[in-house]
1. Could you please find all residues in region 450-500 being surrounded by fewer than 19 Cβ atoms within 10 Å (Cβ to Cβ), in contact with a helix residue (DSSP H, G or I) (Cβ under 6 Å, 6 or more places away or on another chain) and under 16 Å from Leu540 (Cα atoms)?
2. Please determine, by comparing only the residues of region 486-526 that are free of Cβ contacts under 8 Å to residues at least 60 places away in the same chain and in a loop (DSSP other than H, G, I, E, B), which one is farthest from Asp460 (Cα to Cα).
3. Output the strands (runs of 3 or more DSSP E) that fall wholly within region 1-97 and possess 1 or more residues being within 30 Å of Glu157 (Cα to Cα), or say none.
4. Kindly evaluate Leu57 against the criterion of being farther than 30 Å from Cys441 by Cα and either free of Cβ contacts under 8 Å to residues at least 40 places away in the same chain or polar (S, T, N, Q) (or both).
5. Exactly one condition in (1) modelled with pLDDT of 95 or more; (2) within 30 Å of Val272 (Cβ to Cβ); (3) of a type outside the set (Ser, Thr, Tyr) is false for Pro383; which is it?
6. Yes or no: region 257-274 includes at least one residue that is in a helix (DSSP H, G or I), touching a Lys or Arg at 6+ places or on another chain (Cβ under 9 Å), of a type in the set (Asp, Glu) and within 16 Å of Val123 (Cα to Cα).
7. Of the conditions (1) over 22 Å from Tyr110 (Cα atoms); (2) crowded, with 18+ Cβ neighbours inside 10 Å; (3) within 35 Å of the chain's Cα centre (by Cα), Cys46 clears all except one; give me its number.
8. List the number of the failed condition for Tyr308; all other conditions in (1) at pLDDT below 95; (2) in a loop (DSSP other than H, G, I, E, B); (3) buried (at least 20 other Cβ atoms within 10 Å of the Cβ) hold.
Amino acid sequence: MTDPNSLIDLFALGQSCLTSFIQEFESYGITADPRLTLLRGKGVLCYYDFKDGNIYLSTPDLSDPKSKLQMLFMRSILRCDSNEELFEFLGLFIPQVIAHELAHHFRHRYGLFGDNLWHEEQVANQLAMAVTKHRLSPPEKEKARDYLHRALEGLSEKMEAKNIAADSYRSIVDALNTAGQIGTTTVENLERMQKIFALDPEDMLRDSGQLSDELLQRLERRDDIIDEINEDYASDYIRYMYYHVGWVYLDVTGRSTHYVEEFARIYLDRRVDLLPPVEPSENPSENEIYACYRAYQDTAPISEAAGYYFYKRYRSLLLAKLQSIELSTPTQTQQLQREAAFLLENWNGQEGDSLSYLSQLAPPPARVLFPNAIAEHLDPKLPMQLYLPTETDKRLWKHVFLKEKDESAANTLHRLSLLDQTDIYKPLPAEVLLGLVQNFCRIYLNPDEIIIWEGEINDDVYILIQGELAVSVTQDGQPKRVGTIRPGEVFGEMAFFTREPRTATVRATEPSECFVLKDSDLHLFAFKHPSTLMQMAGALARRIASLNRASVAQA
């Protein structure tokens, strides 16, 4: 007979999760209604009440005969062999369901909750995964997957249609990838085409010729399934449970990672104010080149990051100008264009003789634009706000040099300064860096919190902003600390290149803050700007070589 004292207090766990999650979300600027409370519900569901604005959690009660019957029912449909297993199952997922209902609360509080209930469920699951998935150790994830798989088998026996949880998942592409029916490379290509050309991944998948007739039929049924969910939402308890268990199983099993700031940006429209990105110029004017060089001179004594930004803007405009020049022969023109493109994409941050060499290929009128001559030809009365090429250039210059208050400029400059501390990102063109900072998500870590687990599949790349992280590997079954990550250091890039599971665990040793760039965003930038990938690969190669030399020296 089950001893009630031996079972976890599930309602207390829910209260603890609610309190800690609310505090965590506040650090990202997401505030809950101070009146929000977790109350005991009836039945076997957790839900957010749109009328009173509270979350209701129903947990088993061994002292209540009716609750005992409900427990037996839940054990049956979830395939749990004992009360202990049922409580362990629920204990693993109560953090997820509390975070899920909090997402509904935030969407409701900010006036964004819509009529498409299927969509709202997928949105809420993303926030739930953002705060729970990385906190599960690999053994806990394995146990969670086992419980969910067994539950799906039990629920499937009571369902007429099969695969509808996977077919109604927010991304059918990810669902098929998790099931091993399409490869990861295919997923990445579809994501890239979606972001570049705004194409529908499902349509591309249908037209790819890679799917069996059965999978094509399932794709055709997807919209109907989603419509049925919206029409009969929560009216059929078994069906409702089947969908949610299936969706969470895909969340826990899949490669995708989610972050709170990403959720806030996409689904709560709460963005960090940043300057707009800048597109590379094709044929800039000489005055635009002069203005960026002047801005470099103006800002460098005040802000190293701003000075570096404007020097790189000057450099890219100069090289773009050279690529537009027609010389006396096609061969000379092609050589100048080729060399200019090479220098733009392959620069280690040190000017050296590269531009001096290129100036010898340029026609005499253009040589005054090169670093060794341009300072002598600058007009001190050049109207900067007229000739700085973009809104971003003008606002950043005014913020730094004219001391104009501009929160977007300050935030952008802060992120650029962080990238300047890294060997991987510092050499990239300013236009690329402005694009990267738009996609960074901030992560706050408490002491002893783990951001990367050894053996896990996660290809995102991180930068430590402040705090300290410990790196450890498993030796003889025990964790052994092998390194320390300090502010300004990039980590996680090895898995991005290898696509292999993580080789070490990374844990915060004190309150810490990171930026993360998701692998899907980084792949897109590498596709658009090959220099991103080249610089990362070069920095990684230098780092590995340095580590090898250190190992040899210690041997």
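The values are calculated or read from the model by the stated rules, or taken from the named source; none is laboratory data. None of these values were measured; they are calculated from a predicted model. Because the Cβ atoms are built from the backbone with ideal geometry, glycine has one as well, and the counts that use them run over all protein chains shown.
1. Once the filter is applied, which keeps residues that are surrounded by fewer than 19 Cβ atoms within 10 Å (Cβ to Cβ), in contact with a helix residue (DSSP H, G or I) (Cβ under 6 Å, 6 or more places away or on another chain) and under 16 Å from Leu540 (Cα atoms), region 450-500 yields nothing.
2. Arg486
3. Result: 46-48, 55-57.
4. Details: farther than 30 Å from Cys441 by Cα: yes; either free of Cβ contacts under 8 Å to residues at least 40 places away in the same chain or polar (S, T, N, Q) (or both): no.
It is false that Leu57 is farther than 30 Å from Cys441 by Cα and either free of Cβ contacts under 8 Å to residues at least 40 places away in the same chain or polar (S, T, N, Q) (or both).
5. Pro383 satisfies all of (1) modelled with pLDDT of 95 or more; (2) within 30 Å of Val272 (Cβ to Cβ); (3) of a type outside the set (Ser, Thr, Tyr) except (2).
6. yes
7. Condition (1) is where Cys46 drops out.
8. Checking Tyr308 against (1) at pLDDT below 95; (2) in a loop (DSSP other than H, G, I, E, B); (3) buried (at least 20 other Cβ atoms within 10 Å of the Cβ), the one that fails is (2).
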